[in-house]
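Read the structure below first, then the notes.
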């Protein structure tokens with residue numbers, strides 16, 4: 001699902017596979033100061049601003065009685081890759097400029113050049129000191145780094161004669 005990020009600075013869009021990931025991304029990215037408005041689906045649920053209260057009630061209503069802490073904790077523990085993908089999809093501009101970006105990206109083969117194109121485009125279009133996209137990419141990177149450490153532990157040392 002594609003969403004507009006409702007915020008007081010530059011226009012951004014973001015993709016999420018479902019409401020749970022969209023909600024956690026909205027909370028992590030804006031700390032309650034942003035909302036996510038669905039694009040192209042009138043039946044899709046909006047993620048509201050949560051800075052004025054009602055957060056746990058909204059979460060409980062939409063996530064089977066679970067409060068914000070439970071939902072965010074579950075996503076961080078079990079769906080951090082989905083959350084990282086969502087945050088990496090954050091793109092400056094509206095839905096139309098996102099389509100143009102996607103068409104241009106198809107012409108770039110190298111992952112390094114794709115990343116460079118995204119960074120340059122982002123810097124050229126950003127007019128606000130509030131770098132929502134830059135923050136989203138940093139959080140996604142940290143989530144992936146944490147994820148890559150899951151399941152790895154220090155080797156067991158054997159000391160003979162001690």
Would you confirm whether any residue within segment 91-101 is in a helix (DSSP H, G or I) and in contact with a helix residue (DSSP H, G or I) (Cβ under 6 Å, 6 or more places away or on another chain)?
no
Positions within segment 71-83 being in contact with a helix residue (DSSP H, G or I) (Cβ under 8 Å, 6 or more places away or on another chain), surrounded by fewer than 18 Cβ atoms within 10 Å (Cβ to Cβ) and closer than 16 Å to residue 31 by Cα, in sequence order:
76
Just one listed residue, out of 35, 44, 11, 25, is more than 14 Å from the chain's Cα centre (by Cα) and closer than 22 Å to residue 126 by Cα, and it is 11
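Read-outs throughout are calculated quantities, based only on the coordinates presented, and are distinct from any laboratory measurement. Not measured: the values here are computed from a predicted model. Counting neighbours? That spans all protein chains shown, and the Cβs are built from the backbone with ideal geometry, glycine included.
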